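Below: one structure, written as structure tokens.
What follows draws every value from the coordinates through simple rules; no lab data is involved. Please read these numbers as outputs of a predicted model, since none were measured by experiment. Here the Cβ is made from the backbone with ideal geometry for all residues, glycine too, and neighbour counts use every protein chain on show.
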Amino acid sequence: MTETIKISPERDADFHTAEWGQLYSEIGQNFRLAFQLSVYALIANGFIMAWVAQTNKEVFSPVVLQIAAVIPILLTAFAYSFYRFLLWRSSIIYEYLFTIENSVAADGLGWENFYRKLCKQGRARGTGRIFQALFLIQFAAGLAFAFMVFKKYY
């Protein structure tokens, strides 16, 4: 359901245009942070797994290595939760931007209107599935690695 905000052209249009620009940049920052989060979680998981794989029980106790083997699973779960939160927040901002654009722009004009038409036609593809697959692969690798470490030390 699309809402329209009553905007006085002489008084409110400049404010809402500036607000639109600020919120749109916040969406961009959220997407950059979500991307960085997925990449840094992958790097951290790789470091932790490499550290545990090259360490033996003479250096650290098996309990420490088993706990360290579970950290990639927890890190991936946390990173994915924060990633979903950023996307949820961005979708709320996007809905508000859509109402602002409908109120300020001429009928049928504007990026948000154009993008919604593409989505309804099934022509817009998001990259969100790539990152979800990356998190799923990280989670599966963490589970497999933890299983191997537990099997080795039990």
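Points to keep in mind about this one:
- Sorted by Cβ density within 10 Å, fewest first, the residues Y154, Y40: Y154, Y40
- When W51, W88, W20 are arranged by Cβ crowding within 10 Å, least crowded first, meaning fewest neighbours, the order is W88, W51, W20.
- Label-point gap, in nm, between F15 and R84 - each point 7 angstrom along Cα→Cβ: 3.7 nm
- Extension gain (nm, one decimal) between V59 and I137, 0.36 nm per residue minus Cα-Cα: 25.1 nm
- Full-extension gain in nm, Y24 to A44, via 0.36 nm per residue minus C-alpha separation: 4.2 nm
- Distance between the C-alpha centres of the stretch 73-103 and the stretch 11-49: 9 Å, rounded to the whole angstrom.
- Taking the number of Cβ atoms within 10 Å of each Cβ as an exposure proxy, the fewest-first ranking of V59, V70 is V59, V70.
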